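The values are calculated or read from the model by the stated rules, or taken from the named source; none is laboratory data. Everything quoted here is computed from the prediction, not taken from an experiment. Cβ coordinates were reconstructed from backbone atoms using ideal geometry, including for glycine residues, and neighbour counts include every protein chain displayed. Please note that ligands, DNA and RNA were not included when accessible areas were found on the heavy atoms of the full protein model with its side chains. Shrake-Rupley method; radii C 1.70, N 1.55, O 1.52, S 1.80 Å.
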There are 4 protein chains.
Amino acid sequence: MLMYKKIHIGVIGAGDCPVETYNMASELGYLIGKNGWILICGGLGGVMEGAAKGCYKAGGMTVGILPGEEKLAANPFITLPIPTGLGEGRNLLVVRASDVVVAIAGGYGTLSEIALALKIDKPVVGLKTWPGIEGVDYVETPQQALDRVARHLSRLE
Amino acid sequence: MLMYKKIHIGVIGAGDCPVETYNMASELGYLIGKNGWILICGGLGGVMEGAAKGCYKAGGMTVGILPGEEKLAANPFITLPIPTGLGEGRNLLVVRASDVVVAIAGGYGTLSEIALALKIDKPVVGLKTWPGIEGVDYVETPQQALDRVARHLSRLE
Amino acid sequence: MLMYKKIHIGVIGAGDCPVETYNMASELGYLIGKNGWILICGGLGGVMEGAAKGCYKAGGMTVGILPGEEKLAANPFITLPIPTGLGEGRNLLVVRASDVVVAIAGGYGTLSEIALALKIDKPVVGLKTWPGIEGVDYVETPQQALDRVARHLSRLE
Amino acid sequence: MLMYKKIHIGVIGAGDCPVETYNMASELGYLIGKNGWILICGGLGGVMEGAAKGCYKAGGMTVGILPGEEKLAANPFITLPIPTGLGEGRNLLVVRASDVVVAIAGGYGTLSEIALALKIDKPVVGLKTWPGIEGVDYVETPQQALDRVARHLSRLE
């Protein structure tokens, strides 16, 4: 079976975050990697690094779609950095490349990604993120997030 | 004095909307045109068309930054259509080209534009739009929106 | 008749050029403005400024689709600056927004625009630019360029 | 050692090509994979498929940066499809994500990628491609292309 049939899970969140949020992202990333799914993220710090670290530790592939022009700007747990030079324009690419998106906490950039994902009909699971957005599937823990991701994937098939 | 020092006001909202929303957009567009400001929008129907129609009637210039590849997809009140072929990627361009953004009602696309605008530090005035977003300057009428736009502009100088 | 049915002519070339090239661009820009066509360009210096200066002097509208995030980076003859923040990604937008493109001299950026224009089926007129590209309609003077542009436009109708 | 320090080699060329060109791309892709380098390409048919097929057979990773919105549009030898929805705008991303680019034959899309690569200072090796472009390092065989790629990489370190 060819690898391109693999599942891509996007994890979105702020580039700077408290340690509990980082750990939550890392726990989710680990679960993603253990499932054999590919992690798609923005490639920088904070939630993006936490998720990549967890997925990397589980042996998973981690893709970082970067705003800048240099692949070395990626955090050390990104196995495939994609520098775009598009600035915030890369937010759309992160969600476009994902089958399901999980938003963890986050600021305006994350909010833009949630909205863009919903606009292009990607399922969005929300973990301690922007509240009250119709269409977001809110959960409380990384394990619950994973379960919901799996449920959304089963509907996409 | 060269025209490029003119003010660009972005008006964002859904491509399909109730007539009251359309009229509200048109009223705001008219005020924008009367002020000699340039209207920036997504160039399609609904709020975009309402705003363009109002601004056009006031003799203003109306720019439509389109998602598709054809300039003829612009609504009839767009004096300068810019087809991009970037799909939803054009949302970032609409807010980037604006000095201040006014969001009227709207769905996920509008939410993405509000978030992108705040992310890149553009003032956002909200008129009957997504509630409760920190950083959005909420108002109730087109005239109030115009007054707030003017206040934000005075701070930018 | 609404203004959006106006013709958009793209002029592409290097941001830094010898004075003769600048003057050639200016002469072409003047002819474009006199025809009531809108000038589309990259908004910076060199050929872009020459073309904008000529068109501006003829009373024409000049659109600058800028690589950076600030509209004030536009040259002083741009009446409508569109900052994109897309870097070289804006080259595609310049040709997408044009009905016919004229390339004047130029370096790699100009070559990329010629190729992108031909790829998306826009007619390209070449004035002292990259030689020997099949599909480019080569001419020797600004007046000849204008005549060829007019001929291409008549075929597009 | 983390995988993100791996080398990314872009292979660009037409989506439709004669069988000899396809085989040449495949031979080059195989050499890229054997070197442990990651192949970056546009993810579609022709030269992109040939290169991906060769690299895949050598056990290498193959990234396809797609113009459309669906990852399933990728050819079957792409292990990581990145759908962008940017149309021809993805050409810039292909070269941006590459450390060195090899152009094989090709049409206007390939010419745009050669030009964009040179514009952003990426080394370009040319194999039976657009002739006479200053800055392109022309070679005659896939093995020679690989040797030149290696030489360019040694200068980048």
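What do you reckon, is C:Thr84 touching a Leu at 6+ places or on another chain (Cβ under 9 Å), polar (S, T, N, Q) and within 14 Å of chain D (Cβ to nearest Cβ)? Quick ask: steps written out before the conclusion?
Numbers: touching a Leu at 6+ places or on another chain (Cβ under 9 Å): yes; polar (S, T, N, Q): yes; within 14 Å of chain D (Cβ to nearest Cβ): yes.
When the stated conditions are applied, C:Thr84 passes them.
Pull out all pairs, ordered by first then second residue, where Cβ-Cβ is under 8 Å, the residues are six or more apart or on different chains, the first lies in the stretch B:102-128 and is more than 10 Å from every other protein chain (Cβ to nearest Cβ), and the second is assigned to a loop (DSSP other than H, G, I, E, B) and modelled with pLDDT under 95.
Close Cβ pairs satisfying both conditions: none exist.
Let's see how each residue does on (1) within 11 Å of another protein chain (Cβ to nearest Cβ); (2) over 28 Å from D:Leu92 (Cα atoms); (3) part of a helix (DSSP H, G or I):
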position	(1), (2), (3)
A:Gly33	no, yes, yes
A:Leu39	no, no, no
A:Leu44	no, no, no
A:Glu49	no, no, yes
A:Gly59	no, yes, no
A:Ile65	yes, no, no
A:Leu72	yes, no, yes
A:Asn91	yes, no, yes
A:Val94	yes, no, yes
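Scan (1) within 14 Å of chain B (Cβ to nearest Cβ); (2) open to solvent by 30 Å² or more (accessible area, probe 1.4 Å) for the single condition A:Pro76 breaks and write down its number.
(1)
Determine whether A:Ile7 is surrounded by fewer than 24 Cβ atoms within 10 Å (Cβ to Cβ), in contact (Cβ under 8 Å) with a residue 60 or more places away in the chain, out of contact with any Cys (no Cβ under 8 Å at 6 or more places or on another chain) and closer than 28 Å to B:Gly87 by Cα.
On the way: surrounded by fewer than 24 Cβ atoms within 10 Å (Cβ to Cβ): yes; in contact (Cβ under 8 Å) with a residue 60 or more places away in the chain: yes; out of contact with any Cys (no Cβ under 8 Å at 6 or more places or on another chain): yes; closer than 28 Å to B:Gly87 by Cα: yes.
It is true that A:Ile7 is surrounded by fewer than 24 Cβ atoms within 10 Å (Cβ to Cβ), in contact (Cβ under 8 Å) with a residue 60 or more places away in the chain, out of contact with any Cys (no Cβ under 8 Å at 6 or more places or on another chain) and closer than 28 Å to B:Gly87 by Cα.
Please enumerate the residues belonging to the stretch C:16-29 that are free of Cβ contacts under 8 Å to residues at least 40 places away in the same chain and in contact with a helix residue (DSSP H, G or I) (Cβ under 8 Å, 6 or more places away or on another chain).
Result: C:Tyr22, C:Asn23, C:Ser26, C:Gly29.
Among residues belonging to the stretch C:96-110 that are in a loop (DSSP other than H, G, I, E, B) and open to solvent by 10 Å² or more (accessible area, probe 1.4 Å), point out the one that is farthest from C:Glu49 (Cα to Cα). Let's see the steps before the verdict.
Kept after step one, since they are in a loop (DSSP other than H, G, I, E, B), are these residues of the stretch C:96-110: C:97-99, C:105-107.
Within this subset, residues satisfying the condition of being open to solvent by 10 Å² or more (accessible area, probe 1.4 Å) are C:99, C:105-107.
Working: C:Asp99: 20, C:Ala105: 14, C:Gly106: 13, C:Gly107: 16 Å.
Among residues in the stretch C:96-110 that are in a loop (DSSP other than H, G, I, E, B) and open to solvent by 10 Å² or more (accessible area, probe 1.4 Å), the one farthest from C:Glu49 (Cα to Cα) is C:Asp99.
Taking the residues in the stretch A:111-137 that are closer than 23 Å to D:Lys71 by Cα and assigned to a helix (DSSP H, G or I) as candidates, determine which candidate is most open to solvent (accessible area, probe 1.4 Å).
Going through the qualifying residues, I end up with A:Lys119.
So is C:Glu157 within 23 Å of B:Gly85 (Cα to Cα), modelled with pLDDT under 95 and out of contact with any strand residue (DSSP E or B) (no Cβ under 6 Å at 6 or more places or on another chain) or not?
Working: within 23 Å of B:Gly85 (Cα to Cα): yes; modelled with pLDDT under 95: yes; out of contact with any strand residue (DSSP E or B) (no Cβ under 6 Å at 6 or more places or on another chain): yes.
Yes; evaluated as a whole, the condition is true for this residue.
Please indicate, with yes or no, whether at least one residue in the stretch C:49-57 is within 20 Å of C:Arg151 (Cβ to Cβ), in contact (Cβ under 8 Å) with a residue 60 or more places away in the chain and open to solvent by less than 30 Å² (accessible area, probe 1.4 Å).
No, the stretch C:49-57 contains no residue that is within 20 Å of C:Arg151 (Cβ to Cβ), in contact (Cβ under 8 Å) with a residue 60 or more places away in the chain and open to solvent by less than 30 Å² (accessible area, probe 1.4 Å).
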